[in-house]
1. Kindly provide the set of residues from region 140-174 that are touching a Leu at 6+ places or on another chain (Cβ under 8 Å), open to solvent by less than 60 Å² (accessible area, probe 1.4 Å) and within 30 Å of Thr117 (Cα to Cα), ordered by number.
2. Is it the case that Lys25 is assigned to a helix (DSSP H, G or I), farther than 30 Å from Ile122 by Cα and either out of contact with any Cys (no Cβ under 7 Å at 6 or more places or on another chain) or at pLDDT 85 or above (or both)?
3. Residues in region 101-108: is at least one modelled with pLDDT under 85 and in a strand (DSSP E or B)?
4. When you look at Ile34, is it within 16 Å of Ile170 (Cα to Cα) and among the aliphatic types (A, V, I, L, M), yes or no?
5. Restricting attention to region 116-128, which residues are open to solvent by less than 60 Å² (accessible area, probe 1.4 Å), part of a strand (DSSP E or B) and either in contact with a Ser or Thr (Cβ under 6 Å, 6 or more places away or on another chain) or hydrophobic (A, V, I, L, M, F, W, C) (or both)?
6. Considering only region 74-88, how many residues are outside any helix (DSSP H, G or I) and either modelled with pLDDT of 90 or more or surrounded by fewer than 11 Cβ atoms within 10 Å (Cβ to Cβ) (or both)?
7. Specify which of the listed residues (Val77, Val47) is under 32 Å from the mean Cα position of the chain (by Cα) and under 30 Å from Val151 (Cα atoms).
8. Using the structure shown, decide if Leu66 is assigned to a helix (DSSP H, G or I), under 24 Å from Lys118 (Cα atoms) and open to solvent by 100 Å² or more (accessible area, probe 1.4 Å).
Amino acid sequence: MPFIFIGASIAGFFLYTNPQYQAVKAEAASYKAIVEANSKAAELRAVREKLTKDRTTISEENVDKLVKMLPDGVENVGLIINIDDIAGKYGLKIKNTRVNETSSRVTTAGAIGPDSTKYGTISMTFSVTAPYNQFLIFLRDLESSQRLVDVTNLSFSSAKVDTYDFNVTIQTYWLK
């Protein structure tokens, strides 16, 4: 009789108790993962609330200026219109416009992997015909425009007396 009770208790352990015990362990692990996710969500909510509070301290006018300076997208057309408006103030015409999206990362030989920068760059080439002094004023206005622009290449040739053909390459940035 004692052997039957021992055999029944061993069989009961393997057939009922152990599966129930394993199920409880799995539920405990799942509960722990849910608690961790909940705490991370609380941390993220706190960060979001802080950023939202910080964002409300910035005036809409300044936010608009920031978006114009470093837009969320490429905005090729907006860039061309902006430069054309600046040139138009001085009676200049922008010609031969070419826009090329370039990498924002300086590549080295053998560099592989994803680009982890948070911004992209656009290179734009255009030409304008103007007297030298008028072109300098145009460049100053381009420099002080709200869009962040770097002049990376500038060449010129003589068109007429006191008038030059300027070929300008600029680089501008956008958030990825």
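1. First, pick out the residues of region 140-174 that are touching a Leu at 6+ places or on another chain (Cβ under 8 Å): 147-149, 151, 166-170, 172-174.
Those left that are additionally open to solvent by less than 60 Å² (accessible area, probe 1.4 Å): 147, 149, 166, 168-170, 172-174.
Once the filter is applied, which keeps residues that are touching a Leu at 6+ places or on another chain (Cβ under 8 Å), open to solvent by less than 60 Å² (accessible area, probe 1.4 Å) and within 30 Å of Thr117 (Cα to Cα), region 140-174 yields Arg147, Val149, Val168, Thr169, Ile170, Thr172, Tyr173, Trp174.
2. Values: assigned to a helix (DSSP H, G or I): yes; farther than 30 Å from Ile122 by Cα: yes; either out of contact with any Cys (no Cβ under 7 Å at 6 or more places or on another chain) or at pLDDT 85 or above (or both): yes.
Considered against the rule, which asks whether it is assigned to a helix (DSSP H, G or I), farther than 30 Å from Ile122 by Cα and either out of contact with any Cys (no Cβ under 7 Å at 6 or more places or on another chain) or at pLDDT 85 or above (or both), Lys25 comes out as yes.
3. Restricting attention to region 101-108, the residues satisfying the condition of being modelled with pLDDT under 85 are 101-108.
Keeping just the survivors that are in a strand (DSSP E or B) gives 101-102.
Yes, region 101-108 contains at least one residue that is modelled with pLDDT under 85 and in a strand (DSSP E or B).
4. Values: within 16 Å of Ile170 (Cα to Cα): no; among the aliphatic types (A, V, I, L, M): yes.
The answer is no for Ile34.
5. Step one: filter region 116-128 for residues open to solvent by less than 60 Å² (accessible area, probe 1.4 Å), giving 117, 120-128.
Checking which are part of a strand (DSSP E or B) leaves us with 120-128.
Gly120, Thr121, Ile122, Ser123, Met124, Thr125, Phe126, Val128 - these are the residues of region 116-128 that are open to solvent by less than 60 Å² (accessible area, probe 1.4 Å), part of a strand (DSSP E or B) and either in contact with a Ser or Thr (Cβ under 6 Å, 6 or more places away or on another chain) or hydrophobic (A, V, I, L, M, F, W, C) (or both).
6. From region 74-88, those outside any helix (DSSP H, G or I) are 74-75; that's our starting set.
Then drop every residue that is not either modelled with pLDDT of 90 or more or surrounded by fewer than 11 Cβ atoms within 10 Å (Cβ to Cβ) (or both), which leaves none.
Count: 0.
7. Details: Val47 fails: under 30 Å from Val151 (Cα atoms).
Sole residue among the options that is under 32 Å from the mean Cα position of the chain (by Cα) and under 30 Å from Val151 (Cα atoms): Val77.
8. On the way: assigned to a helix (DSSP H, G or I): yes; under 24 Å from Lys118 (Cα atoms): yes; open to solvent by 100 Å² or more (accessible area, probe 1.4 Å): no.
Here the answer is no, as Leu66 does not meet what is asked.
The values are calculated or read from the model by the stated rules, or taken from the named source; none is laboratory data. Treat the numbers as computed from the prediction; the structure is a model and nothing was measured. Cβ: placed from backbone, ideal geometry, glycine included. Neighbour counts: every protein chain shown. For accessibility, only protein heavy atoms count, side chains too; no ligands or nucleic acids. Shrake-Rupley method; radii C 1.70, N 1.55, O 1.52, S 1.80 Å.
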